[in-house]
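K.L.:
Below: one structure in structure tokens.
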Amino acid sequence: MKNNLRELRKERGWTQEDLAIELSVSRQTINALEAGRYDPSLPLAFKIARLFGRTAEEIFDDSDEA
Amino acid sequence: MGGSSSQWKAYFPYGKETFHFQVPAGLLGERQEIAMPETRRSPPDAARHRFAFRQGAIMLAFGLAVFAAAWWVPPSPALRWLLVALPIALLALWAWEFFKVIRDDDEMMQGLALRAISFSSVLVLLLATMWGMLERLVGAPQLPLFLLMPGFAAVYGIVSTIMGARR
């Protein structure tokens, strides 16, 4: 699933480690999420959306998979 | 040499700052402040970091305990039992630490660990069963069963590294 997590993170000047700490996940998970190699669970997707003040649909795009 | 030579301060903030150490005057000439890059880790990363250290210590102790149990014959049978129980207790401690680090991990890493455990368990059981049949039917050398768990840990380490690299 495509997403704009990397862009949102860079807008805030955060490193992957910073984002991992904010979300209480590992740095590898952030890396996999940004690369689109891992689709988050609903609770994690909502946590990410809340952190960036966006909706889940604004961050994650599943149009390729529909 | 400054007058405040007794001053010794160390700050360990868990924020975005760096570590600062104020070294007492006289120790390194004039009083100096050394800034060290801070190692910040998310809770799952910190748990895995702790596990790596603990696992190393437990495995080292296990190796020494197995060596002692195999080579030292204590004077009393009770001490002998105690000596044999030590490596078993260390393996149980490793298993506890192993499950604790998986429990504290995030959803993606938990999934990865569970897949690696499933694959490694099946592989180790398959190899052990195969070897058991070879022992019974064609007289292959006996496989010491106490190697099963360390064998599983080694296979799991390789499998999880490969799975992690492919993700």
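The values are calculated or read from the model by the stated rules, or taken from the named source; none is laboratory data. In this text the structure is predicted, and so the values were computed from the model without any measurement. Positions of Cβ are backbone-derived with ideal geometry, glycine not excepted, and every protein chain shown enters the neighbour counts. Just so you know, the surface numbers come from the protein's heavy atoms only, side chains and all, with ligands and any DNA or RNA stripped out. Shrake-Rupley method; radii C 1.70, N 1.55, O 1.52, S 1.80 Å.
K.L.:
Can you spot a residue in the stretch A:6-19 that is under 20 Å from residue B:105 (Cβ atoms), at pLDDT 95 or above and among the hydrophobic types (A, V, I, L, M, F, W, C)?
P.N.:
There is at least one residue in the stretch A:6-19 that is under 20 Å from residue B:105 (Cβ atoms), at pLDDT 95 or above and among the hydrophobic types (A, V, I, L, M, F, W, C).
For every residue, the table says whether it meets (1) open to solvent by 70 Å² or more (accessible area, probe 1.4 Å); (2) polar (S, T, N, Q).
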position	(1), (2)
A:8	no, no
A:16	no, yes
A:42	yes, no
A:45	no, no
A:49	no, no
A:53	no, no
A:59	no, no
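K.L.:
Okay, moving on. Of B:78, B:69, B:46, which residue is more than 30 Å from residue A:29 (Cα to Cα), surrounded by 15 or more Cβ atoms within 10 Å (Cβ to Cβ) and at pLDDT 55 or above?
P.N.:
Selected residue: B:69, the only one of B:78, B:69, B:46 that is more than 30 Å from residue A:29 (Cα to Cα), surrounded by 15 or more Cβ atoms within 10 Å (Cβ to Cβ) and at pLDDT 55 or above.
K.L.:
Could you check residue A:25 against (1) of a type in the set (Val, Ile, Thr); (2) facing another protein chain (nearest Cβ under 9 Å); (3) in a helix (DSSP H, G or I) and say which number it fails?
P.N.:
(3)
Conditions (1) β-branched (Val, Ile, Thr); (2) crowded, with 16+ Cβ neighbours inside 10 Å; (3) within 14 Å of chain A (Cβ to nearest Cβ); (4) not in a helix (DSSP H, G or I), marked per residue:
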{"site": "B:95", "(1), (2), (3), (4)": "no, no, no, no"}
{"site": "B:102", "(1), (2), (3), (4)": "yes, yes, yes, no"}
{"site": "B:115", "(1), (2), (3), (4)": "no, no, yes, no"}
{"site": "B:119", "(1), (2), (3), (4)": "no, yes, no, no"}
{"site": "B:131", "(1), (2), (3), (4)": "no, no, no, no"}
{"site": "B:136", "(1), (2), (3), (4)": "no, no, no, no"}
{"site": "B:143", "(1), (2), (3), (4)": "no, no, no, yes"}
{"site": "B:153", "(1), (2), (3), (4)": "no, yes, no, no"}
{"site": "B:156", "(1), (2), (3), (4)": "no, yes, no, no"}
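Conditions (1) over 26 Å from residue B:166 (Cα atoms); (2) not hydrophobic (A, V, I, L, M, F, W, C), marked per residue:
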{"residue": "A:24", "(1), (2)": "no, yes"}
{"residue": "A:30", "(1), (2)": "no, no"}
{"residue": "A:35", "(1), (2)": "no, no"}
{"residue": "A:55", "(1), (2)": "yes, yes"}
{"residue": "A:60", "(1), (2)": "no, no"}
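K.L.:
Scan the stretch A:31-64 residue by residue and report those that are in a helix (DSSP H, G or I) and β-branched (Val, Ile, Thr).
P.N.:
A:48, A:59
K.L.:
Limited to the stretch A:1-21, what total is found for residues that are part of a helix (DSSP H, G or I) and touching a helix residue (DSSP H, G or I) at 6+ places or on another chain (Cβ under 6 Å)?
P.N.:
Total satisfying the criteria: 8.
K.L.:
State which residue pairs qualify: first residue free of Cβ contacts under 8 Å to residues at least 24 places away in the same chain and within 13 Å of chain B (Cβ to nearest Cβ) and inside the stretch A:28-57, second residue of a type in the set (D, E, K, R) and open to solvent by less than 70 Å² (accessible area, probe 1.4 Å) in any location, beta carbons under 6 Å apart, and separation of 6 or more residues or different chains.
P.N.:
These pairs meet every condition: A:29/B:106; A:32/B:167; A:37/B:167; A:41/B:107.
K.L.:
Within the stretch A:6-22, can you find the residues that are within 11 Å of another protein chain (Cβ to nearest Cβ) and not acidic (Asp, Glu)?
P.N.:
A:13, A:14, A:15, A:16, A:19, A:20, A:21
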